[in-house]
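Please read the structure below before turning to the comments.
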Amino acid sequence: MKITNRLKIISISAGILATVTAAMSFTNKVVDNPPVTGDLEAPAEVKAIFERACYPCHSNTANLQWFDRLPGVAAMVKKDILAARQHLNFSEWDKLSRGDQDALLWEAYNMINSGTMPLPAYAALHRDAKVSTAELSTLRQFLLTKRKVVTAEKADTIQTNTTSISAPLPIAPTGIRFMPEFRHWQVMSTTSRFDNTTMRVMYANPIAMQAIRENNIHPWPDGAIIAKVVWEKVRDKNGYIQPGKFLNVQYMVRNASLYADTDGWGYAKFETPALKPAGTLLTAQSCASCHKAADKTGGIFDLSTLN
């Protein structure tokens, strides 16, 4: 009797193994790995973190586990990898400008720090994707070394003067025009970024300000607009921090149907005192991806300063 039961167990195990092997033979190649045109350059300890936690999806060197190749699962894995590469691909790092590289690295750090990345479902099966607190600190220190605080003597202190702008007002690629009326809106918060040495003042139009007061931000009502004015942060000879060169004005415009592809928010940026429209429609997708880390406040960062 015992021998018969053992034979049954062996037979069942062999059947399972054969089934898995057969399934894997049909899904051996889940996704192509195109050539690496230019890899990320970073210190070894930083590179190791990105390679372990991010490269399996965000590079052309996908190294899949056996369970990633199973029928049904493989299709979802392929879709996720292709989407990840489209947004951030460390194997095509040379195709990005220095500014875009820095922005994507900080976005990656912020997504990891907020717990948005790696995706919980992915991390549950891929333990190597998890980034420890110590590793996060290593990434942060690396990113900080890529920036420097300028001195007031070198800063070009230019104030925003929108009264001299002649019609027509500049329009961003997303169709959002520059809105000088933001100067009359209420200030909702002020922030100082340690990562890119900037300081900002954020304004909310009346619809957005009422939504904040009533905690009606899940979702934000259509018509809400947030404006952010950004200056270079400088230190004077006495060590005091103050606004330096004017950098840009950014807008987030709420329209759930018009901007459905970017989570209901339209994005625009106007750079330098000339208010030159910046970015592309693809840039808006990048903005939306980063703002997913602020889901708890409807996609808007810096609301904590209002509490």
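The values are calculated or read from the model by the stated rules, or taken from the named source; none is laboratory data. Predicted, not measured: the structure shown is a model, and the values here were computed from it. When we count neighbours, we look across all protein chains shown, and the Cβ atoms used for this are built from the backbone with ideal geometry, even at glycine.
Residues that are at pLDDT below 85 and under 20 Å from Thr283 (Cβ atoms) within segment 176-203 comprise Arg193, Asp195, Asn196, listed in sequence order. Filtered by the rule that a residue be within 19 Å of Gly38 (Cα to Cα) and surrounded by fewer than 12 Cβ atoms within 10 Å (Cβ to Cβ), segment 94-131 gives Lys95, Ser97, Arg98, Gly99. Restricting the first member to segment 261-272 and to residues that are assigned by TED's automatic domain parsing to the domain that holds His218, and the second to residues that are assigned to a strand (DSSP E or B) and among the charged types (D, E, K, R), the beta-carbon pairs closer than 7 Å and six or more apart or on different chains are Gly264/Arg254; Trp265/Arg254; Phe270/Lys276. Of all the criteria given as (1) surrounded by fewer than 16 Cβ atoms within 10 Å (Cβ to Cβ); (2) farther than 30 Å from Arg140 by Cβ; (3) out of contact with any helix residue (DSSP H, G or I) (no Cβ under 6 Å at 6 or more places or on another chain), the one not satisfied by Gly223 is (3). The number of residues in segment 235-255 being in a loop (DSSP other than H, G, I, E, B) and surrounded by 20 or more Cβ atoms within 10 Å (Cβ to Cβ) comes to 0.
When segment 256-289 is limited to residues that are in a helix (DSSP H, G or I) and surrounded by 20 or more Cβ atoms within 10 Å (Cβ to Cβ), the one that is modelled with the lowest pLDDT turns out to be Ala284.
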